[in-house]
Structure formats: C-alpha cells, structure tokens
Amino acid sequence: MLHSNQVKVPVRELIEKVPADLVKSGVIGQEEKKLVGQALGRLLKIGMGQIRDLRILRKSVDARKKQDLQMIYQVEFRAGKEEALLRRYPGILKKCQPVRKEMLSGRQSVFRASMDEGCFVRGKASTISETASGEGGERPSPLVVGFGPAGMFAALALARAGLAPHVVERGQRVEERRQTVDAFWETGVLNPESNVQFGEGGAGTFSDGKLNTMVKDKTGRNRKVLETFVEFGAPGEILYLQKPHIGTDLLGDVVRNIRQEILRLGGRFSFETKLADLEVEGEQLVSAVLERGGRTWAEPCRQMILATGHSARDTFYQLHCRGIQMEPKPFAVGVRVEHPQAMIGRSQYGDYYEALPAADYKLTYQASGGRGVYSFCMCPGGYVVNASSEEGRLAVNGMSFHDRAGENANSAIIATVTPEDFGESGVLGGIAFQRKYEELAFRQAGGKIPVQLLGDFIRNRKSDAFGEVLPAMKGGFALGHVREILPPEVGDASAEGMVAFGRKISGYDRKDAILSGIESRTSSPVRILRNESLQGNIRGLYPCGEGAGYAGGLTSAAMDGIRVAEMVIESRHR
Ligand SMILES: Cc1cc2nc3c(=O)[nH]c(=O)nc-3n(C[C@H](O)[C@H](O)[C@H](O)COP(=O)(O)OP(=O)(O)OC[C@H]3O[C@@H](n4cnc5c(N)ncnc54)[C@H](O)[C@@H]3O)c2cc1C
C-alpha cells in the first residue's frame, strides 16, 4: 500500500467536471475520485488500470496562486510494482504505515451547596441518596460531570467499556436547551444554568463545530473523535476535509444520539443537576454533592471525571475552596469582527470563490507594543452570538450552520493576557479579569451586544450608524464604543492588527466592518493540576477537558475525554 500527499487537481477542472453542489460542499463523489485517480496516474506516469483501492484521506485547497487554485489530496492506494515506484519517486511516495490497533476496544463530611462566589458553608449532611450505581456498593459507577465534548467522549468510552457512567449536567437536554437559548436571544432573559455555555453538548453546541486541532494525532484519538462524530450522525466528509466542521444545526442531533447510546449501554443522566461540592476522606474522593432545584444530596462516588468547561466559574471557586490544586493560566480577549463573506471569498479564492466552500482565514500580527494579535475561531458564513452565562455580564462568540451560507464571515481578533495583566492576584485572578470586562460589555448597551464600526474603533469614537456591512447576530445589539470595553492595551493592539490584516486580505480594514465584544471565553483562565495517572490532588478526581486546562477546542476536549476515560478504565483492571 502506498501513500502520497502530492496529488493535485486544478480547481478549474474540478468545477468543470464535478456537480456544483458537491464542489460547493466539499463532498467527494465518484467524479472527483476519478479526477484524483487520473491526477495520480499522471504524477506517477502509470495507467489508471494500475491503481487499485484508491482512498482519499485528506483534501485541502492550495490558494497561494489565485489564478491557479489547486485541490491537494492525500491518498492511499495499491499499485503494481510498488517497490519500483517507491524507488523512482522517493519524494512523492512512501509506504503506508500499518494501521494502528484501535485504542478504545470494548476491553475494553458533607458540605451544603450555595453556588455563589464564596466557599460553601459547612452544613448538615443530607441523607438523600439518588444513587443507582451500575456496579453497586464498593465500586460505584464513575461520575462524569459535564456533558460537553470532554464529558461526552469520556462517558461514551466508559459506557462502551461496561462501566455504566452517571452523567451529571447542570444545563438542560439539548432539545430544551435550544429553545431556552433561542428565547434568550429573542428576549435577553438569561437562564444562568442553561445557555450557550451550559447544557447538554457543552459550549460548542451553538458553534461552527470546527473540528481541526493543533494537537498531533500520535495516539489515534483525533481520528477516533471524528469517526465517532460520523457514527452518531455527523457528515462523512469530516473524515477527509483538512478543516472539518459540523455546524450547529447538525451538532444537536449528534449530541442526542450519543446520549441515547450511553443510555442503551446502561449509563444514566441527571440533567439540570449541578456538582456543588466534593466529599473527601483522607485523600480519597468519596461523594459528590449534587444540587437540583434547590435540593442537595451526596452521591457516593470514588471516581469522578470533572469536565465542567471554561465557564464554570462557580465550580472553580468551590473546588479552590475545597483545596483542589490549580494555577492561573493565560488566555486571550478581544472582539469579534464581521465582514461580508463574499469579500473574504474573493480575496482568498479569486474568481472561484462562489463555486467553492465558504473561505476562511487565519491571521497573526505582532503589534508595536509587543503583544501578538491573532484571528481565532473563524466562522465562515456565520453569526455572532450572545454567549453570556452570568447575569449582568456579556460575552460574544461565533457560530455557523452546516452550509455556512450566512452573509457575513466572523472571527475573534484577540490578544493573549497573562496573570500579570489580571490586576487581581491569586489563582482565580483570570476569572475576576474576565468578569470585569464582561460587566463593562453588559452595561454599555444595557445587556445587548455592543457593536462599533472598525473605522470608529480605530479613531476611538462611538459609532452612530452602520455602513454597508450589517450585523449577522443572534441576540439583540446596539451601536456603541467597543474599544471602551477592552483592556486598553488589547484595544490598541487589535486596532493596529486589523489595519495590518488589510494588507493580507483585501478589504479587511474597511471602515464599516463590524466589531462586537467582548470575546472573553477563548480558553480556561485556570489549570487544575493532575498527576501522571491524570488525577488531581484528591484520589479519584480526574480533571478533564478545556476547563481543567488540557484542551483548546471541541476536538482536543473530546480527545482528552477519551484519554481520561482510558485511565479510569485501566484503573478498574488493576
Ligand atoms: C459559541 C461557541 C462557539 C465555539 N466554536 C468552536 C468551534 O467551532 N470549534 C472548536 O473547536 N471550539 C469551539 N468552541 C469552544 C468549544 O466549545 C470548547 O473548546 C469545548 O466545548 C470544550 O469542551 P469541554 O467538554 O471541555 O467543556 P464544555 O463544552 O464547556 O462543557 C462543560 C459542560 O459542563 C457543564 N457544567 C459546568 N459546571 C458544571 C457543574 N458544576 N455541574 C454539572 N455540570 C457542569 C456545562 O453545562 C457544560 O455542558 C466554541 C465555544 C463557543 C461558546
């Protein structure tokens, strides 16, 4: 079996010979596969008849020359005289690595909760037990707290290994959550327990569902995550597109299907139920204190995967009070910027932009003050969303539907902030910093998303009218002065950066591009420490995913969920 990553088909040829809907969606059909086979034959100077079992592993656009766009394919195939071909084309071909073995075979004193800022007050032990442990008595089922990608993939792996996890999620089931979030965008009335950050599916449910990650896939977990998404209803092309994405409209169904599989395997779910505290004996976790509808009880639990995400600030505070070791970590803040998608497309793909999938971009700039500015979480043909999760505080983010057919492209333009910037010292200083700026954002437009035109942002003055670009937003918005809700050094660096980006993407620095803020939930402000067995300083507590500081994005969070679950499964075999 041979492998090559240098098979090229001109986009012009693709557009001529492949049905337009397939070119537009990126989906590979028979026509495209034939073109790839022909291109491979030409590359190796062999006839099509000699190529067998052709499989396309990866597809990407090479847009360096706008007049001569190329599709680049990574392929695997069989051919006659493979050794001779390898000798003739050492720079083009290599032998396929034997397929890795599948990682995840089927082997496969109580404290009362009051989820406000401070530590919980020691109170009377509740005796209510809602445990229906899959394994009973000595070894209760593992508890998975949080059903975002980290918790979801962890719970699925545990369920498939026969460990019948109990999943505890503070927000609603995805079906109800969708209605709650729509109502929030419509009315501005926030449910602090079930919103864009909290609820079944986690923070990325209302997202573009981008699945690319910078994490190298040495373990096969990245592939496993993509295959699992497809198994539960995501479109198959995410397995070969270089920058796969699902879209918020499809994500909800995938999440529901994974929940149903966990239930089928004997797992159990408690929605609208929050982890309020931990009970520890010696250094061993013995119970989780759970809270639902004002009622608190202790659930026996010796192994907990804690996958509560980067926005569970009350939980961070409580864990800190309980002595769970954590450290502050840098994250990034800034704005969302919107441009017409057609402008981005034309700049990236030239004349072919309408025929190809919606174009994206990735931009970086070193500002004169020394701060790096970069684009993040770009959503082609998407919407800016009000992604708040706390009363009186406002945060924005981006989302797209699967077809990415919206008028605008949006992206975060952010700069990194470190504990030195937080002002307030201490482990949780980053949260205080986020809250300060989210409060400014909320106050500026009375709870609506504040927006400003880029020209006004640069000149540091309030906007009072839109230009040609109109906001594509979920949630109310109002013209304002976004620069005033940013840390000044981030505002300065972003303004400089967006002017510089205009030299890379034509029109990026147009005066009527729309900015909104604040983009403050880019990653976790803390890291919960864990040892080589992936446990925190309390035995049985497994911090996991983005909130614990071990992931940045949907895919890496899911990969960490699998990794932690493997550790829990292994511990059961000891
Ligand atoms: C609008 C938006 C768009 C995004 N777009 C993308 C994208 O396109 N691609 C990408 O890679 N990333 C994207 N992200 C980031 C991505 O969502 C996160 O990286 C990812 O969800 C982290 O996964 P996680 O499982 O670690 O945490 P989360 O997804 O945050 O899940 C944590 C879960 O824990 C629950 N929880 C919290 N506290 C408790 C508690 N005390 N008790 C019980 N349950 C609790 C929460 O309700 C939540 O469901 C986006 C985020 C947002 C908000």
Condition met for Arg393 (among the charged types (D, E, K, R), in contact with a strand residue (DSSP E or B) (Cβ under 7 Å, 6 or more places away or on another chain) and within 16 Å of the ligand (Cβ to nearest atom)): no
With the requirement that a residue be within 12 Å of Val482 (Cα to Cα), outside any helix (DSSP H, G or I) and of a type in the set (Gly, Ala, Ser), what does segment 427-460 give you? Ala445
Any residue at all in segment 339-360 that is at pLDDT 95 or above and under 17 Å from the mean Cα position of the chain (by Cα)? yes
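Of everything in segment 511-526 that's closer than 17 Å to Asn460 by Cβ and part of a loop (DSSP other than H, G, I, E, B), which residue is nearest to the chain's Cα centre (by Cα)?
Ranking the candidates gives Ala513 first.
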Consider segment 23-65. How many of its residues are at positive phi and surrounded by 18 or more Cβ atoms within 10 Å (Cβ to Cβ)? 1
Against the definition (modelled with pLDDT of 95 or more, outside the structural domain of Met473 (by TED's automatic domain parsing), closer than 25 Å to Leu156 by Cβ and near the ligand (Cβ under 7 Å from one of its atoms)), how does Gly202 come out, yes or no? yes
If a residue has to be touching a strand residue (DSSP E or B) at 6+ places or on another chain (Cβ under 8 Å) and either near the ligand (Cβ under 10 Å from one of its atoms) or among the charged types (D, E, K, R) (or both) to count, how many in segment 267-287 make the cut? 10
Considering only segment 306-317, how many residues are aliphatic (A, V, I, L, M) and not in a strand (DSSP E or B)? 2
Condition met for Leu290 (among the aliphatic types (A, V, I, L, M), within 15 Å of the ligand (Cβ to nearest atom) and farther than 24 Å from Arg563 by Cβ): yes
Which residue out of Asn195, Asn222, Asn191 is within 13 Å of the ligand (Cβ to nearest atom), part of a helix (DSSP H, G or I), under 24 Å from Ser524 (Cβ atoms) and not assigned by TED's automatic domain parsing to the domain that holds Leu57? Asn222
Check off (1) in a loop (DSSP other than H, G, I, E, B); (2) surrounded by fewer than 16 Cβ atoms within 10 Å (Cβ to Cβ) for Glu76 and give me the number that stays unchecked. (1)
Just a yes or no: is a residue in segment 420-437 out of contact with any strand residue (DSSP E or B) (no Cβ under 8 Å at 6 or more places or on another chain), among the polar types (S, T, N, Q) and under 30 Å from Ile324 (Cα atoms)? yes
Just to be sure before I move on: is Ser400 more than 25 Å from Ala500 (Cβ to Cβ) and under 15 Å from the mean Cα position of the chain (by Cα) in the structure I sent? yes
Note on Ile258: of the conditions (1) out of contact with any helix residue (DSSP H, G or I) (no Cβ under 7 Å at 6 or more places or on another chain); (2) within 14 Å of the ligand (Cβ to nearest atom), unmet is (1)
Within the group Gly455, Gly423, Gly429, Gly467, which residue is surrounded by fewer than 19 Cβ atoms within 10 Å (Cβ to Cβ) and at positive phi? Gly423
Taking first residues from segment 217-231 that are farther than 11 Å from Ala558 by Cα and second residues anywhere that are crowded, with 17+ Cβ neighbours inside 10 Å, the pairs with Cβ under 6 Å that are 6 or more apart or on different chains are none
Determine, yes or no, whether Ala159 is in a helix (DSSP H, G or I) and out of contact with any helix residue (DSSP H, G or I) (no Cβ under 9 Å at 6 or more places or on another chain). no
Quick check: anything in segment 438-447 within 16 Å of the ligand (Cβ to nearest atom) and not basic (Lys, Arg)? yes
Top-ranked residue in segment 291-325 [being hydrophobic (A, V, I, L, M, F, W, C) and more than 22 Å from the chain's Cα centre (by Cα); ranked as surrounded by the fewest Cβ atoms within 10 Å (Cβ to Cβ)]: Cys321
Of everything in segment 383-406, what is under 18 Å from Ala312 (Cβ atoms) and among the charged types (D, E, K, R)? Give them in sequence order. Glu390, Glu391, Arg393
Output the residues belonging to segment 388-407 that are in contact with a helix residue (DSSP H, G or I) (Cβ under 6 Å, 6 or more places away or on another chain) and crowded, with 24+ Cβ neighbours inside 10 Å. Leu394, Ala395, Met399
Looking only at residues that are assigned to a loop (DSSP other than H, G, I, E, B) and over 12 Å from the mean Cα position of the chain (by Cα) in segment 548-566, which one is farthest from Val526 (Cα to Cα)? Tyr550
Out of all the residues in segment 481-491, is one or more assigned to a loop (DSSP other than H, G, I, E, B) and more than 27 Å from the chain's Cα centre (by Cα)? yes
Wholly within segment 318-425, strands (runs of 3 or more DSSP E) carrying at least 1 residues that are β-branched (Val, Ile, Thr) and more than 24 Å from Ala513 (Cα to Cα): 408-417
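The values are calculated or read from the model by the stated rules, or taken from the named source; none is laboratory data. Here the structure is a predicted model, which is why all the values come from computation and not from measurement. Methodologically, a virtual Cβ is constructed for each residue, glycine included, from the backbone with ideal geometry; neighbour enumeration extends over all protein chains shown.
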